[in-house]
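What follows is one structure encoded as structure tokens, with my remarks underneath.
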Amino acid sequence: MSEIAPDRARGCLLGLAVGDALFGPVEFMTPEQIVAEHGGALTEMVGGGWLSLRPGQHTDDTAMALCLAHSLIEQHGYAAEDVLRRYVQWSQSGPVDIGGTVAGSLALISSGVRVADATLRVHERNMGESAGNGTIMRCAPLALAFDADELDQHARTDALLTHHDPVGGDATAAFCALLADRLHGDHAPVSSFERAGPGCTERRRAGRSAARWPPTRVRAHRARGGMRSRRRCASRDGAGRHGRARVQQGTDLGRQSRRGR
């Protein structure tokens, strides 16, 4: 596979951080609400929103991606224990935002619960669903660092650190494959996506009917407001030498921006 151009590597992570900071203040707002509040399309760093962000302040999306990127660089590859340690430390630092599934899993893990047991508990607490987008929002550094089979493996492993549902791993692997193709200049990223993507739909179809909760329990959970809070969380939440260099290029400016936050 061709090398990733340095400007693409930088653009990948800067695009993540800029997009996060730009649109964090309008999270959960409809297009009509955004136009009404800002007088049109949002093109400036305004801050505010439900998180009361400062202009240009990023959220958990960028923070977790940076944890992953720094680990890839310092560990010379993907080291799940080191990545998890960084996720836990970040979660205990008082972040401006953290998704419900991620928060629940990392809190249990930090208390000594095994990763698989912690994520399963959160999965069951969420009525058998834990495939939020918290795994996808942080995975861009993996697409910079690895190719093909290694990328697929590490994407799934990283997803399982916080999300028990394997659909989250399927979706993360599919997104990483698509992103890697675009980073390498393939503007019709079909083959890699098709290799990783079908498992999402097939696994979800096979698993949801078996895992469906009794209607009475679902109604009780809705009455407590659980469905509403879970939807909010779901919308927030699913190397070799050259790979480390690509991640380093992408994090240089990201590190500069973190110093001011």
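From THR62, THR30, which residue is of a type in the set (Val, Ile, Thr), exposed (fewer than 14 other Cβ atoms within 10 Å of the Cβ) and within 22 Å of ASN133 (Cα to Cα)? Write out each step before concluding.
Details: THR62 fails: exposed (fewer than 14 other Cβ atoms within 10 Å of the Cβ).
Testing whether each residue is of a type in the set (Val, Ile, Thr), exposed (fewer than 14 other Cβ atoms within 10 Å of the Cβ) and within 22 Å of ASN133 (Cα to Cα) leaves just THR30.
Within the bounds of the range 31-40, is there any residue that is in a loop (DSSP other than H, G, I, E, B) and more than 18 Å from MET137 (Cβ to Cβ)?
Narrowing the range 31-40 to residues in a loop (DSSP other than H, G, I, E, B): 39-40.
Still in the list and also more than 18 Å from MET137 (Cβ to Cβ): 39-40.
Scanning the range 31-40 turns up at least one residue that is in a loop (DSSP other than H, G, I, E, B) and more than 18 Å from MET137 (Cβ to Cβ).
Can you find a residue in the range 89-112 that is modelled with pLDDT of 95 or more and over 20 Å from CYS67 (Cβ atoms)? The answer is yes; a qualifying residue exists. Is it the case, given these coordinates, that ALA143 is under 25 Å from LEU179 (Cβ atoms) and surrounded by 15 or more Cβ atoms within 10 Å (Cβ to Cβ)? Yes, satisfied. The set of residues in the range 116-140 being more than 13 Å from LEU179 (Cβ to Cβ), open to solvent by less than 20 Å² (accessible area, probe 1.4 Å) and not in a loop (DSSP other than H, G, I, E, B) consists of ALA118, THR119, VAL122. Taken over the range 41-53, the criterion of being at negative phi and either not in a loop (DSSP other than H, G, I, E, B) or not β-branched (Val, Ile, Thr) (or both) is satisfied by ALA41, LEU42, GLU44, MET45, TRP50, LEU51, LEU53.
The residue pairs whose first member lies in the range 72-91 and is over 13 Å from VAL102 (Cβ atoms), whose second member is assigned to a loop (DSSP other than H, G, I, E, B) and of a type in the set (Asp, Glu), and whose beta carbons are closer than 8 Å, counting only pairs six or more residues apart or on different chains, do not exist in this structure. Name every residue in the range 78-106 that is buried (at least 16 other Cβ atoms within 10 Å of the Cβ) and in a loop (DSSP other than H, G, I, E, B), in order of residue number. The answer is TYR78, ASP97, ILE98, GLY99.
The values are calculated or read from the model by the stated rules, or taken from the named source; none is laboratory data. All values derive from a computational prediction rather than experimental measurement. So basically every Cβ, Gly included, is an ideal-geometry build from the backbone, and we count neighbours across all protein chains shown. Just the protein is used for accessible areas: all its heavy atoms, side chains included, with ligands, DNA and RNA removed. Shrake-Rupley method; radii C 1.70, N 1.55, O 1.52, S 1.80 Å.
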